[in-house]
């Protein structure tokens, strides 16, 4: 499948400061790509380059096959963008704002009406369509911003820190929305919160100080489930020799002083617990480790900082 | 055109839905009305020459207040990012803001037409200088709006945008005063840059294509600079 975005060797200097350093990645159709990194790691700059707001110092980005610098109009017509602080025209009503953005995106009168009805329905904006944007809550502002980005059915949705400033319920709603939308289009989403990215993205690009450290596919390392266990009074050598005789379960990482072990289990969490109980190990705590993203992020960022 | 019209509508709404445009128009008309009446009663001459010069002076102060928010406000609020990542050209964004702001100023100038009507009803004015004076005012307004727009595109601070625009406009208005102190080559350059030197013939009833060319080319140059300022990201 042809990627929706191909970024090659993107570099951006702000004066003498290097903000993005030779970043390359792609985003495939219907894929949610997460950009993860601490504040100041270059995430927003990369998004601004992808969306044509900033020019790269060097490197290229193609959106739906169009270079964002040389064929900016065509490239931009294939993407919808929600910047970090959700800037909206506060003096407009929600419906006026959507009409304006729809017309700017080139929708004709008939198409505009249908497109607005569709996004209002999808984002549940019906109750606030006549309200001034300045009167909206943060959650509704976020929805209005996503709604305008979806007008004209772009192939790519770019969301910069979409859960910033939202309450827990709104965060869950945005997460669900991203999952639903990815059935129809590709999404790039940034966050400095690892758990957020982990829950919505298919792949994650980890950035630090403008450099792309790795593109990590979530849920694809190893054959089994990763399980984190804390054992009471367990001896590491005994555990290792016991597990060596058990197929389908291995130790990935160990912190023996704390009794904490990261296991990869072909039989899932239940299989791992059964095996450990069978071996007579006292389990104090069990947790699903998820994607292993946290460990990878810490390892990579630690490596760079040292 | 498909993208330009919604951009223009948005700018017009922003200007005419806020009280700023009405306050500026009202202040302009009150001051000009006062000046027109006073001068007419004292001089009893059916002429608008003084009105044209006083209007020009007020335009230097009022146009930067109209143009200061055009880009500075959008840059500060972040909506410029939303606008420039939509499939529109920078030139369309600049032109929409220019046309909308000029529309406010033209409305203001057009309303002073009532003075000419009063002169026509109660006296026998020489219409030539009145027509040319209005052409001059429109051309001067066009240059000042484009200049204010270009300066607004360089900053996110509206106050800075207004003060710099007022400063540069006044400098360009009076720059020919410096000419006498300069060497001959530079003297000509300074005179040719003077807004006053190019506006005076219009206000006094003389139309020269060189003056027309100056205002048109300075407007185009300022609009071009605004587009470059936007493109430099």
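Any read-out appearing in this document is the output of simple, stated calculations on the displayed coordinates, not a laboratory observation. Since the structure is predicted, the reported quantities are computational estimates derived from the model, not experimental observations. Here the Cβ positions follow ideal geometry from the backbone for every residue, glycine too, while neighbour counts run over all protein chains shown.
Estimated purely from DSSP H runs of n ≥ 4, each contributing -39500 (n - 2.57), the mean residue ellipticity at 222 nm for chain B is -28000 deg cm²/dmol once divided by its residues.
Taking the empirical scaling 2.2 N^0.38 Å for compact globular proteins as reference, the range B:4-231 has a Cα radius of gyration ratio of 1.06.
Taking 7 Å steps out from each Cα toward its Cβ at residue B:216 and residue A:236 produces label points 8.4 nm apart.
Each label point was placed 7 Å from the Cα along the Cα-to-Cβ direction; for residue A:95 and residue B:1 their separation is 2.8 nm. Rounded to the nearest 10 degrees, what's the angle between the helix A:94-104 long axis and the longest principal axis of chain A, both from Cα atoms, 0 to 90? Approximately 80 degrees, to the nearest 10.
For chain A, the 222 nm mean residue ellipticity estimated from helices alone, with every DSSP H stretch of n ≥ 4 adding -39500 (n - 2.57) and the total spread over all residues, rounds to -10000 deg cm²/dmol. Taking every alpha-carbon pair under 8 Å whose residues sit at least 6 apart, the range B:4-231 reaches a relative contact order of 28 percent.
Cβ-Cβ distance of residue B:45 and residue B:159, R₀ of 35 Å, FRET efficiency by 1/(1 + (r/R0)^6): the value works out to about 0.30. Calculated FRET efficiency, residue A:253 to residue A:278, Cβ-Cβ distance, R0 = 30 Å: about 0.85 to the nearest 0.05. Working ranking of peptides B:177-187, A:238-248 by packing, defined as the average number of other Cβ atoms within 10 Å per residue, highest first, is A:238-248, B:177-187. Inter-chain neighbour count for A:102-109: the average number of beta-carbon atoms from partner chains within 10 Å of each residue's beta-carbon is 5.
Would you look at the GNM of chain B, springs on alpha carbons closer than 10 Å, and say which of B:46, B:165, B:86 moves the most? Result: B:86 has the largest fluctuation of those listed. Considering every alpha-carbon pair of the range A:225-289, the percent of pairs per 5 Å bin, from zero through the bin containing the longest distance, is 4, 20, 36, 30, 9, 0.
For chain A, modelled as a GNM whose springs connect Cα atoms under 10 angstrom apart, the maximal fluctuation among A:27, A:277, A:174 occurs at A:277. Once the Cα atoms are used to define both axes, helix B:113-122 deviates from the longest principal axis of chain B by about 20 degrees. Packing around the peptides B:90-98, A:13-21, taken as the average count of other Cβ atoms within 10 Å per residue, puts them in this order, highest first: B:90-98, A:13-21. Against the main long axis of the alpha-carbon atoms of chain A, helix A:268-278 sits at an angle near 20°. Residue separation of residue B:184 and residue B:208 scaled by 0.36 nm, minus their Cα-Cα distance, works out to 6.3 nm of gained length. When both the range A:243-265 and the range A:64-128 are represented by their alpha-carbon centers, they are found 50 Å apart.
Give me the log10 of I(q) over I(0) for the range A:5-217 at q = 0.14 Å⁻¹, as the Debye formula computes it from C-alpha points; what are the numbers? Relative scattering, expressed as log10 I(q)/I(0), comes to -0.82. Shielding of peptide A:195-208 by partners, expressed as the average count of other chain Cβ atoms within 10 Å per residue Cβ, is 0. Per residue of peptide B:4-12, the mean number of Cβ atoms on other chains within 10 Å of the residue Cβ is 3. Extension gain for the segment residue A:137 to residue A:118, taken as residue separation times 0.36 nm less the Cα-Cα distance, is 4.7 nm to one decimal.
For residue B:35 and residue A:109, a Förster radius of 45 Å and the Cβ-Cβ distance give a FRET efficiency of 0.40, rounded to the nearest 0.05. Rg/Rh for the protein assembly as shown (Cα atoms only, Rh after Kirkwood) is 1.16. For the range A:116-206, what is the Kirkwood hydrodynamic radius in Å, using each pair of distinct C-alpha atoms? Value: 13.7 Å, from the Cα pair sum. Cα convex hull, the range A:67-175: 103 Å³ per residue, rounded to a whole number.
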